[in-house]
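Working notes for the structure below.
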Amino acid sequence: MSNRVPAPPGHRARRRVAATALAVGVLLLPVGGTAHAATPSPAPPVAPSAQPPAQPPVSPAVSPAAPPAASPGSADNSFRWAVQPVGQAGLPGRTYLVHDLVPGQKLDDGVRITNYSDQPMTFTVYGTDAFTTNDGSFSLLPAERGPSDAGTWITPGQTSVTVAPGAGVDVPVTIAVPADAEPGDHAAGVIASVATVQADASGRLVQVDRRIAARAYFRVAGPLRPALQIQDVQLSYDTPGNPFPGSRATVTYRVRNTGNTRVSAAADVKVDGPLGWTLGGPRGDSVAELLPGAELTRTVHFDGVFPAGRLTASVTVRTGPAPQGAAVAPVSTTRTTTAWAVPWIPLASLFALAVLGTVALRLRRRGTPAAAAGESAAAVGTAERTS
C-alpha cells in the first residue's frame, strides 16, 4: 500500500511543468576506430551520484563538504538539497537503499534530507517506481503517475518535512513487501520534492515540481532469470559514387531485458561481406544498467565500408556482472540481418561501355564481308577486260 502524497494541485488553467532532478546512470559507449555509437543526450544531474557499479558503492552520494548544484530552473541558492540513505551503526555511508527481501517482509530504513539552500524548505516525501529511459538512464515516474510496483512498498514516516538552512532531517522509511511479490529485482526511489508556482516567459502561472531522490533497489527471493532479447536489427548503407574509399554502414538494433533481474549489457556489432570478409568492426557497445522489462534502441555507424555486394550485420549481446552481486549465469544472444551494398554508378558505367563495345564489334563484323565481296567483284571485272 502506498502512502504517496501527490504534488499540491493548482488551478485548472495553470500548466504543470515538472522539472525533474534525479540521480541517473551513465550510458557507456566505448567505440573506437571509425565506428561511432550514437551518444545519448545527458540527463540533468542534481546529486553527485555515480552510475550503479557491479557492487553497490559504499561512499555517500552527497557530502556536506561538497553540496550539490542548484536544482534545474534556479540560478541561486534557493533550491539546493540532497537525499541519501541514513547511515547505519557500524556500517559506512550508503549511496542507495539496497535490500534483499522475501515476500511479506517488512523492513525499517530511512533517508536524510539535507537543505543546502539559504532559506527553510518544505519537502513532500514519497516513493515511486523507477524505469530505464530511452537513453539508458535511471529515472522515476512523474509526479502525476502513481506507482504500481516497488514504489508502493515505500511508506515514509513523514510525508511533509521542513528543513532549516544548512540542516538535515532523517525521515524514517518502512519497506513492506507484498506476500505475492514477484521474485527478482524491483527498482524505486524515495523522492523529496518542492513545488512552487512561477510565471513563465509569457506571464502565465505554472507549477514547477523540483524533485531529488535516493535510489532504491530491492531483490525479492526466488528464481532469478537473467535474459536479454535482441529485436529489430536493421542494416543500411549509403551507396557512394566512388566505391574505393567505401561509405557508411549503419546498424540499428533494439535490446530488451526479458528477465527478472537488472543487468548490465555488452554488445559486439560487426559488418561482414561475402565469405565472412569483415568490413566493419567488431565494435563494442555497452549499457550500464537495464531494469527488468526495459528496452533500448542502439545505433552504431561504420565508416569506410566497401560496397562488396551482400552485407551481413551481426549483433551479439551478453549480460555483464549482476549489479547486486548475485550469482546468476551469464546470458548471450546473437541476431543478424542483411542488406545489399552495390556500387550502382560504376556498374552502370561499365555496363554502358560493354554495350557500346558490343555494338561496335558487331558493326565491324558486318562491314568486313561486304568489303570482301566488293574486292572480289573488282578483281573479276579486271580479269574480263584483260581477256
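Across the protein chains, with a 1.4 Å probe defining accessible surface, the residues Leu101, Leu224, Leu356 rank Leu356, Leu224, Leu101 from largest area downward.
Couplings 3J(HN,Hα) of region 166-178, computed from phi: x, 10, x, 10, 8, 10, x, 10, 9, 10, 10, 8, x Hz, in residue order, whole Hz [Karplus 6.51 cos²θ - 1.76 cosθ + 1.60, θ = phi - 60°; x for Gly and Pro]. Each residue of region 355-366 was assigned a 3J(HN,Hα) from its phi angle through the Karplus curve 6.51 cos²θ - 1.76 cosθ + 1.60 (θ = phi - 60°); the sequence is 5, 4, x, 5, 5, 4, 5, 5, 4, 5, 5, 5 Hz, with glycine and proline shown as x. Paramagnetic label reach from Lys106 (point 7 Å along Cα→Cβ; backbone nitrogen cut-off under 17 Å): within region 165-192, residues 172-181. Residues whose amide H falls under 5 Å from that of Thr261, counting only those 5 or more places apart or on a different chain, are Asp185, Arg225, Ala227, with hydrogens built in the peptide plane. Among Thr261, Thr155, the sequence by solvent-accessible area, most first, with a 1.4 Å probe is Thr155, Thr261. Close amide-amide hydrogen proximity is noted between Trp277 and no other residue 5 or more places distant or on a separate chain, at a cut-off under 5 Å (H modeled in the peptide plane; Pro and chain starts excluded).
The C-alpha radius of gyration of region 224-329, expressed as a fraction of 2.2 N^0.38 Å, stands at 1.24.
The values are calculated or read from the model by the stated rules, or taken from the named source; none is laboratory data. None of the values given here were measured: they were computed from a predicted structure. Here Cβ is always computed from backbone atoms with ideal geometry, including for glycine, and neighbour counts include all displayed protein chains. Surface accessibility is based on the protein's heavy atoms, side chains included, excluding ligands, DNA and RNA. Shrake-Rupley method; radii C 1.70, N 1.55, O 1.52, S 1.80 Å.
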